[in-house]
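Colleague: Here it is, the structure in full.
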Ligand code: BGC
C-alpha cells in the first residue's frame, strides 16, 4: 500500500459534487501526469469493462484470461465480482501487478437493494415517497460498498407506456415528472454529497435513451419518436439524474433517429455533454457496441470507432474497443485525442471515488459482516414494501381482514420464496425472503386461522416455465394435476370465511427479455379463480407482477384487490401487515392499467384529438369493442379510510414575477389513520402546440390520523409551465389553465388560472 501511495504521489481527496475549482485542477494535474506515463495500449485498456461471469472457478477470483488482462493493463473495470475477498484479490492484481498500478472500478446491477432486497423499482415508485426511495438507495449503497463495490448500474429511468415491455418493472412508470423526482432521489441516495466516502457509490443512470419506447413493447426493438416527444415526455428523468450529479450514464440498446444509442453522437455528445453539461463517464450496455453489427452499422472495427467518436467511453464486455481501436488509429479513423478523452473520463471517475488514494477503500470485510442484511435494513425493507402496495378495489371493506375469520390462503405465490424478490436481484438470496403464509403467521401469531392450498401452478405451460427459470426455479409444475390442485383449494375455500388468493407472474416473467403479448394472469390461475368464485366466498386477490396486468375479470369478480408488485425480502411480512390493517395502504399507480392489450399504449397525459370521444357520434376517437378509459388510471390507489378535499388558490393570475399557491385541506373522514398522496394536475387550454389533457405538476404524501385534517400546498411559477417548443426552446405560453388537486389522475378540473 505504501509503495502504491508513493507511486502515485500524495493526493488530497476531493468530493464529487462539492468539488471546488482547486480540487478540479488537482484532479486535472493528477490525471494528466498519469496519462503521460501511459502507453496507447494502457489507455485503451482503461476503456474495457469486463465480467468474468461463469468463468470464475470456485475459490479463485478470476479466470486466467481475466487475470492476465488485468496484469497487462487491459481492464478498466469489472462487474459480476461480488464480495470483499474476491474484489480485494482482483484489485490487488491491478494495483500490485499491472505496470502503472491503476485501480479498477467494480460495478454491479444493484437495482432495488443489494442483499437486502427492496420492492422492485416500479413498486418503490408506487410509494410516491421520494424520501423513502432515497433512503432505499442509501442503504443499497451502504451494503454494496460494504461488499466491495463502488459503482451501481442504477437508476433505470426509462419512461414507458407499454406494459408488454418486461422492463417496466425496473423503472418508475409512465410519467416524466414523477420519474424525474425519483431519478433525483435515487442518484442523491447512492452518491450522497461525497463520492469518495466509503459508503457511497457512483450511480449510472440508464438506459440512455428512450429504451422504454420500443415498438410493440418487444425488448430491444426499434424506437422512433419526434424530438418534441423526446424532450417533453421521455428525456426529463435522464436530465434530472444528470442535474443531480450522476457520475455515469449507460447507453441503451435501441436506435434513435436511425442510429443505435451507443454510437449516436447527437445523443452522447451534443445532447448529453453539450446541452446538459454532463462531465462524467458514458458506459455502453452489455455488448451494445458489438450489437451495432446486427443493427447494420458495419463490422466490429467500424462500430467501435463510431461509438468512440460518438462519445462512448467504456465498452461493456464486448471488447470491440480493446481489439480494434489501435487499428482504427493507425488507419486514421479515430485520433489519439479521442482515446485520451475517454480514458481521462474513466480515470477521473476513479479519482472522484478516491480509488487512487486508497484502491481498497471500499473493501472491508468487517463492514460487510456488520452492515449487510441487518435487522434495521430488513425493517426498512418491510416498511418500503408496505408503502409500495396499491389497493385497487375494496368492496364493502373486505379488507382489512378480521383476525377471527377463517382464511383460505391459496394460489401459486402464497407460499413461494422463489418469487418474492422480483427481477434484477442479482445479490439477493430468495431463500432469505418471507413468503405470505409465513408472514401472516409472523404478524398474527401461529394460532391465526389460516390454511393454505397451492391451487394452481403459476403456469401450466412448460415452455413458458422453462423461459422463466433461467436464473433458478421460479415456476415449478406440480406433480398433481391442475384439477386436483383446484379441487383442494375449492374445498378449503368452502370451509373458510374469506379466500385470499395470491396470484400473478413468476418474477422472471417481467424484467429484461421478458416481454409478453398477453398480460393477463396465466390460464392456470384464471381457472383457479373461476372455480373459487363459484364457492360464493368473498375473494381477496393479492397480485404479484412486474408490470400492470389486464385484470377486467378480476376487477369484476373479486371483492378486494391488492397490487403488491414484487415486494422483496420482507414481502410476506409486509403483505400480512397490510392485509390485517397494521398498515393502511397508501400506494398510487405510477403506470396506467389497461383493460386489454389492444388499448396499449395507454397513458394519462395523452393529447386530445380533433374528434374527442363522444359516445353518440360514430366519427370520434374510440374503439368499437372497448372503452377508451383504462381499468385503473395513473395516480390511482385506495385506502382503508376516505379523504375529503377542499381546494383553494392564492391568486387567479400568474406572471413572470408572481407565483400561485394551490392548497388542499384534506380531511381523513374514515375509520383508519392513513396516508394520502395529494396530486396536482394542470391543463393548458391553448398552447403554441397541442398540450396534454393533463399533466402532473406536484405531489405530496401526508399522514392524517382519523378525523384529522392536513393542509398541503403547491406553489407554481411560470418556470413550472415551461415545455419544449418546436424550435426546442424551453419556454411557457401565456393563456388559460385548469387545475385540480386530488387523489388520482382521473378527476375533473375544479379551478382555473391565467398566465400573463
Ligand atoms: C442490461 C443492463 C445491465 C447490464 C449489466 C444489460 O443486459 O440491459 O441494464 O446493467 O446488462 O448487467
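The values are calculated or read from the model by the stated rules, or taken from the named source; none is laboratory data. Bear in mind the structure is a predicted one, so any value in this text is a computation, not a measurement. No Cβ is skipped: glycine too gets one built from the backbone with ideal geometry, and neighbour counts run over all protein chains shown.
Colleague: Just to be sure I understand, how many residues within segment 661-717 are loosely packed, with under 14 Cβ neighbours inside 10 Å and assigned to a strand (DSSP E or B)?
Modeller: Going through segment 661-717 one residue at a time, the tally reaches 4.
Colleague: Let me ask another. Kindly list, by first and then second residue, each pair from a residue in segment 245-269 that is over 14 Å from residue 294 (Cβ atoms) to a residue that is more than 12 Å from the ligand (Cβ to nearest atom) and at pLDDT below 95, limited to pairs with Cβ atoms under 8 Å and residues at least 6 apart or on different chains.
Modeller: Pairs found: 245/16; 245/17; 247/16.
Colleague: Checking the conditions here, which among 238, 231, 220 is at pLDDT 95 or above, within 16 Å of the ligand (Cβ to nearest atom), assigned to a helix (DSSP H, G or I) and out of contact with any helix residue (DSSP H, G or I) (no Cβ under 7 Å at 6 or more places or on another chain)? Reasoning before the result, please.
Modeller: Numbers: 231 fails: within 16 Å of the ligand (Cβ to nearest atom); 220 fails: assigned to a helix (DSSP H, G or I).
Just one listed residue meets the conditions, 238.
Colleague: Taking the condition of being part of a strand (DSSP E or B) and touching a residue at least 12 places away in the same chain (Cβ under 8 Å), how many residues in segment 731-756 meet it?
Modeller: The number of residues fulfilling the criteria is 13.
Colleague: Listed residues 481, 496, 517; which is at pLDDT 95 or above and under 20 Å from residue 122 (Cβ atoms)? Working first, answer last.
Modeller: Details: 481 fails: under 20 Å from residue 122 (Cβ atoms); 496 fails: under 20 Å from residue 122 (Cβ atoms).
When all the criteria are applied, what remains is 517.
Colleague: Could you go through segment 254-266 and let me know if any residue there is at pLDDT 95 or above, within 16 Å of the ligand (Cβ to nearest atom) and assigned to a loop (DSSP other than H, G, I, E, B).
Modeller: Yes, segment 254-266 contains at least one residue that is at pLDDT 95 or above, within 16 Å of the ligand (Cβ to nearest atom) and assigned to a loop (DSSP other than H, G, I, E, B).
Yes/no per residue for (1) closer than 24 Å to residue 512 by Cα; (2) in the same structural domain as residue 295 (by TED's automatic domain parsing); (3) more than 16 Å from the chain's Cα centre (by Cα):
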| site | (1), (2), (3) |
| --- | --- |
| 205 | yes, yes, no |
| 217 | yes, yes, yes |
| 237 | yes, yes, no |
| 244 | no, yes, yes |
| 249 | yes, yes, no |
| 253 | yes, yes, yes |
| 256 | yes, yes, yes |
| 262 | yes, yes, yes |
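Colleague: Just wondering, is there one or more residues in segment 591-609 that are more than 27 Å from the chain's Cα centre (by Cα) and at pLDDT 95 or above?
Modeller: So the first thing to find is which residues in segment 591-609 are more than 27 Å from the chain's Cα centre (by Cα), and the list is 608-609.
Right, trim to at pLDDT 95 or above and you get 608-609.
Scanning segment 591-609, I find at least one residue that is more than 27 Å from the chain's Cα centre (by Cα) and at pLDDT 95 or above, so the answer is yes.
Colleague: Considering only residues that are within 16 Å of the ligand (Cβ to nearest atom) and under 18 Å from residue 241 (Cβ atoms), which ones fall in segment 169-186? Can you show your working first?
Modeller: The initial filter retains those residues of segment 169-186 that are within 16 Å of the ligand (Cβ to nearest atom), namely 169-172, 183, 186.
Listed by number, the residues that qualify are 170, 171, 172, 183, 186.
Colleague: Conditions: (1) in contact with a strand residue (DSSP E or B) (Cβ under 8 Å, 6 or more places away or on another chain); (2) assigned by TED's automatic domain parsing to the domain that holds residue 242. Residue 149 meets all but one. Number of the miss?
Modeller: For residue 149, the failing item is (2).
Here is a yes/no grid of residues against (1) within 16 Å of the ligand (Cβ to nearest atom); (2) not assigned by TED's automatic domain parsing to the domain that holds residue 284:
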{"residue": "89", "(1), (2)": "no, no"}
{"residue": "96", "(1), (2)": "no, no"}
{"residue": "136", "(1), (2)": "no, yes"}
{"residue": "158", "(1), (2)": "yes, yes"}
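Colleague: Report, by residue number, each residue of segment 405-426 that is surrounded by fewer than 21 Cβ atoms within 10 Å (Cβ to Cβ) and either within 16 Å of the ligand (Cβ to nearest atom) or at pLDDT below 95 (or both).
Modeller: 426
Colleague: Output yes when any residue across segment 323-344 is at pLDDT below 95 and surrounded by 21 or more Cβ atoms within 10 Å (Cβ to Cβ), and no when none is.
Modeller: Let us first name the residues in segment 323-344 that are at pLDDT below 95, namely none.
So far as segment 323-344 goes, no, none of its residues is at pLDDT below 95 and surrounded by 21 or more Cβ atoms within 10 Å (Cβ to Cβ).
Colleague: Based on what the data block shows, is residue 382 farther than 20 Å from residue 42 by Cα, outside any loop (DSSP other than H, G, I, E, B) and in contact (Cβ under 8 Å) with a residue 60 or more places away in the chain? Break it down into steps so the answer makes sense when it comes.
Modeller: Details: farther than 20 Å from residue 42 by Cα: yes; outside any loop (DSSP other than H, G, I, E, B): yes; in contact (Cβ under 8 Å) with a residue 60 or more places away in the chain: yes.
Considered against the rule, which asks whether it is farther than 20 Å from residue 42 by Cα, outside any loop (DSSP other than H, G, I, E, B) and in contact (Cβ under 8 Å) with a residue 60 or more places away in the chain, residue 382 comes out as yes.
Colleague: Go through segment 622-651 and report how many residues are part of a loop (DSSP other than H, G, I, E, B) and within 17 Å of residue 677 (Cα to Cα). Step through it out loud before you land on a result.
Modeller: Within segment 622-651, the first condition is being part of a loop (DSSP other than H, G, I, E, B), and the residues that meet it are 622-631, 633-637, 639-642, 650-651.
Pick out the ones that are also within 17 Å of residue 677 (Cα to Cα) and you get 633-637, 639-642.
Of the residues in segment 622-651, 9 are part of a loop (DSSP other than H, G, I, E, B) and within 17 Å of residue 677 (Cα to Cα).
Colleague: Do the conditions hold for residue 585, that is, is it buried (at least 18 other Cβ atoms within 10 Å of the Cβ), modelled with pLDDT of 95 or more and not assigned by TED's automatic domain parsing to the domain that holds residue 223? Spell out the reasoning first.
Modeller: Working: buried (at least 18 other Cβ atoms within 10 Å of the Cβ): yes; modelled with pLDDT of 95 or more: yes; not assigned by TED's automatic domain parsing to the domain that holds residue 223: yes.
Against the criterion (buried (at least 18 other Cβ atoms within 10 Å of the Cβ), modelled with pLDDT of 95 or more and not assigned by TED's automatic domain parsing to the domain that holds residue 223), residue 585 qualifies.
Colleague: Need pairs with beta-carbon distance below 9 Å; first residue within 21 Å of residue 170 (Cα to Cα) and within segment 101-120, second assigned to a strand (DSSP E or B) and away from the ligand (no atom under 13 Å from the Cβ); sequence gap 6+ or separate chains.
Modeller: Every condition considered, the pairs that remain are 107/202; 108/147; 114/147; 115/147.
Colleague: Can you pull out every residue in segment 98-125 that is within 11 Å of the chain's Cα centre (by Cα) and more than 16 Å from the ligand (Cβ to nearest atom)?
Modeller: The answer is 119, 123, 124, 125.
Colleague: Also, I was wondering about something else. Which of the following residues is under 35 Å from the mean Cα position of the chain (by Cα), surrounded by fewer than 17 Cβ atoms within 10 Å (Cβ to Cβ) and under 22 Å from residue 161 (Cα atoms): 507, 517? Explain how you work it out, then say what you get.
Modeller: Numbers: 507 fails: surrounded by fewer than 17 Cβ atoms within 10 Å (Cβ to Cβ).
Only one candidate qualifies: 517.
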